[in-house]
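*Asks:* Pasting a structure below so you can have a look.
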């Protein structure tokens, strides 16, 4: 038997050697990566997040070092891009290296990434993205048809709002419902209507809200994923099961009704399953459609919520865009896409809210697919790379007085059109190969809902002392803290359905 004191010496020596080796390796890695704050042992830079908004802290670090920076989550480095030039270099010029994604461990525990159009990489991701585009093309989803779907849901929203005029209300849930119904009608076609009024759809919406709130890159289980299987996340696991059940019912309904003609995006998958069940498997399809519904619903709803808060904080712009719409749209009850180019200030105001309050302030993480040299730094294969959208949207080289709310910054000198070069400096939908697949739908939704809401209603904070609160809540997206408003109808004429 080895003496106890010798065992202690051996174990202590082994631990010392490991710690020294780890320190040497970490320092060697840090020498080649972009600069960072000095990381703590084991914790990395996590302690610096205490009491600070992550995107603002990382913006400050970028300003301190003047370029891309590294943030350490424990010993794992994350490269943060803080300027448009850096983002273009990585995601456009070196897109072949910077277009992969690695699903965060917590989300992998909850959903896996098989079938995910957001998190998968390589051939599988290209396959699903191609399928979705193919579905939209084959059903010949023209702008006119898409607009009619959105306007139909807007009229339903307004009829609900009219029941609560003059009373405090939180519009977020209404925006979630509206956005989800639009995405579902586009994705599942006319056959979705039989599901829209069922309790299962209401449970689906509740599940989206719960998941988007509790699953975040900064939640406890992100740093210790086994927590996901404990009682702490029991409600999230139940919500995921409900979403799977809802999407599974839609898939089975489509399979039973499918007659060989492609009518919506899910039909593309049903047709593919019939032709080659090995290539498209039922258990992964729900994941694809969860991305389409979950991400499309949450981002649009929270963008609209930020719009309402900013408009309540800047009522002069409510009046200005109302006057513009009244002047250019006349007595038309509904603003449509044919009016968009005639409403430069309305467009500019929407863009300014998206600049000030990006709902994905740190983007959707990417990962390097091979070792690469980036702006003089050596980035190893498998390194996480984040796009600091907030930093780009507040870059003083791009925006004069970025902390101020000034929609006019997007207008030309005559104030009669949007400056394309300014709009292109927004990265709200990402950049490069992984740009948001639902960008077109989201832009149409946002314009139609935003313009029609403020043409029909005057909106103000519900209680004295309420002000613009730029500090939001990190979930899957960045949402404003709950707030209530009061709506008053501007026009007495009836809403034409």
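The values are calculated or read from the model by the stated rules, or taken from the named source; none is laboratory data. Keep in mind that this is a model prediction, so the values were computed, not measured. Methodologically, a virtual Cβ is constructed for each residue, glycine included, from the backbone with ideal geometry; neighbour enumeration extends over all protein chains shown.
*Asks:* Mind checking which residues of segment 99-111 are touching a helix residue (DSSP H, G or I) at 6+ places or on another chain (Cβ under 7 Å) and over 23 Å from residue 379 (Cα atoms)?
*Replies:* Matches in segment 99-111: 106, 109, 110, 111.
*Asks:* Right, residue 380: surrounded by 18 or more Cβ atoms within 10 Å (Cβ to Cβ) and farther than 18 Å from residue 83 by Cβ or not?
*Replies:* On the way: surrounded by 18 or more Cβ atoms within 10 Å (Cβ to Cβ): no; farther than 18 Å from residue 83 by Cβ: yes.
Answer is no for this residue.
*Asks:* Could you check, for segment 386-395, whether at least one of its residues is crowded, with 18+ Cβ neighbours inside 10 Å and in a strand (DSSP E or B)? Break it down stepwise before answering.
*Replies:* Our first condition is that a residue be crowded, with 18+ Cβ neighbours inside 10 Å; within segment 386-395, this holds for 386-395.
In the following step, the residues that additionally are in a strand (DSSP E or B) were identified as 386-387.
Yes, the conditions are met somewhere in segment 386-395.
*Asks:* Can you find a residue that is in contact with a helix residue (DSSP H, G or I) (Cβ under 8 Å, 6 or more places away or on another chain), under 22 Å from residue 55 (Cβ atoms) and assigned to a helix (DSSP H, G or I) anywhere in segment 355-374?
*Replies:* Scanning segment 355-374, I find at least one residue that is in contact with a helix residue (DSSP H, G or I) (Cβ under 8 Å, 6 or more places away or on another chain), under 22 Å from residue 55 (Cβ atoms) and assigned to a helix (DSSP H, G or I), so the answer is yes.
*Asks:* What's the total number of residues in segment 103-131 that are surrounded by fewer than 18 Cβ atoms within 10 Å (Cβ to Cβ) and within 25 Å of residue 230 (Cα to Cα)?
*Replies:* So the count comes out to 4.
*Asks:* For segment 169-270, which helices (runs of 4 or more DSSP H) that fit wholly inside it have 3 or more residues that are within 20 Å of residue 286 (Cβ to Cβ)?
*Replies:* Once the helices (runs of 4 or more DSSP H) in segment 169-270 are filtered for at least 3 residues that are within 20 Å of residue 286 (Cβ to Cβ), what remains is 172-188, 193-196, 199-214, 234-257.
*Asks:* For residue 331, indicate whether it is outside any helix (DSSP H, G or I) and at pLDDT below 95. Before you say what the answer is, go through the steps one by one.
*Replies:* Values: outside any helix (DSSP H, G or I): yes; at pLDDT below 95: yes.
When the stated conditions are applied, residue 331 passes them.
*Asks:* Across segment 334-344, which residue is modelled with the highest pLDDT among those that are surrounded by 20 or more Cβ atoms within 10 Å (Cβ to Cβ) and in a loop (DSSP other than H, G, I, E, B)?
*Replies:* The selected residue is 343.
*Asks:* If you take the residues of segment 345-359 that are in contact with a strand residue (DSSP E or B) (Cβ under 8 Å, 6 or more places away or on another chain) and either at pLDDT below 95 or farther than 17 Å from residue 425 by Cβ (or both), which of them is surrounded by the fewest Cβ atoms within 10 Å (Cβ to Cβ)?
*Replies:* Checked segment 345-359; the qualifying residue surrounded by the fewest Cβ atoms within 10 Å (Cβ to Cβ) is 345.
*Asks:* Does residue 87 fit the bill of being at pLDDT 95 or above, crowded, with 21+ Cβ neighbours inside 10 Å, farther than 27 Å from residue 224 by Cβ and in contact with a helix residue (DSSP H, G or I) (Cβ under 9 Å, 6 or more places away or on another chain)?
*Replies:* Yes: the conditions hold for residue 87.
*Asks:* Pairs, please: C-beta under 6 Å, at least 6 apart or cross-chain, first residue crowded, with 16+ Cβ neighbours inside 10 Å and in segment 364-376, second at pLDDT below 95 and assigned to a loop (DSSP other than H, G, I, E, B)?
*Replies:* Note: pairs meeting the criteria are 366/101; 367/101; 367/102.
*Asks:* For the condition at pLDDT 65 or above, within 24 Å of residue 379 (Cα to Cα), touching a helix residue (DSSP H, G or I) at 6+ places or on another chain (Cβ under 9 Å) and not in a helix (DSSP H, G or I), what is the one hit in 42, 37, 57, 63? Even if it seems obvious, please write down each step before you answer.
*Replies:* Values: 42 fails: touching a helix residue (DSSP H, G or I) at 6+ places or on another chain (Cβ under 9 Å); 57 fails: not in a helix (DSSP H, G or I); 63 fails: not in a helix (DSSP H, G or I).
Result: 37 is the single residue among 42, 37, 57, 63 that is at pLDDT 65 or above, within 24 Å of residue 379 (Cα to Cα), touching a helix residue (DSSP H, G or I) at 6+ places or on another chain (Cβ under 9 Å) and not in a helix (DSSP H, G or I).
*Asks:* Let me ask something else. On the given criteria, is residue 429 touching a helix residue (DSSP H, G or I) at 6+ places or on another chain (Cβ under 9 Å) and without any contact (Cβ under 8 Å) to a residue 40 or more places away in the chain?
*Replies:* Answer is yes for this residue.
*Asks:* Right, here's the next one. Suppose we filter segment 308-352 for residues that are touching a residue at least 24 places away in the same chain (Cβ under 8 Å) and over 16 Å from residue 445 (Cα atoms); how many remain? Walk me through how you get there before you give the answer.
*Replies:* From segment 308-352, those touching a residue at least 24 places away in the same chain (Cβ under 8 Å) are 308-315, 317-318, 320-322, 325-326, 329, 331, 333-337, 339-341, 343-352; that's our starting set.
Adding the requirement that they be over 16 Å from residue 445 (Cα atoms) leaves 309-315, 317-318, 320-322, 325-326, 329, 331, 333, 344-345, 352.
Of the residues in that region, 20 qualify.
*Asks:* If you take the residues in segment 153-185 that are more than 18 Å from residue 305 (Cβ to Cβ) and free of Cβ contacts under 8 Å to residues at least 60 places away in the same chain, which one is surrounded by the fewest Cβ atoms within 10 Å (Cβ to Cβ)?
*Replies:* Ranking the candidates gives 163 first.
*Asks:* Restricting to segment 274-286, and then to whatever is out of contact with any helix residue (DSSP H, G or I) (no Cβ under 6 Å at 6 or more places or on another chain) and in a helix (DSSP H, G or I), can you tell me which residue is nearest to residue 355 (Cα to Cα)? Steps first, answer last, please.
*Replies:* So the first thing to find is which residues in segment 274-286 are out of contact with any helix residue (DSSP H, G or I) (no Cβ under 6 Å at 6 or more places or on another chain), and the list is 274-279, 281-284.
Subset that is in a helix (DSSP H, G or I): 274-275, 282-284.
Details: 274: 45, 275: 45, 282: 39, 283: 38, 284: 35 Å.
That would be 284.
*Asks:* Inspect segment 303-315 for any residue being assigned to a loop (DSSP other than H, G, I, E, B), touching a helix residue (DSSP H, G or I) at 6+ places or on another chain (Cβ under 7 Å) and either buried (at least 20 other Cβ atoms within 10 Å of the Cβ) or modelled with pLDDT of 95 or more (or both) and give the result as yes or no.
*Replies:* Within segment 303-315, not a single residue is assigned to a loop (DSSP other than H, G, I, E, B), touching a helix residue (DSSP H, G or I) at 6+ places or on another chain (Cβ under 7 Å) and either buried (at least 20 other Cβ atoms within 10 Å of the Cβ) or modelled with pLDDT of 95 or more (or both).
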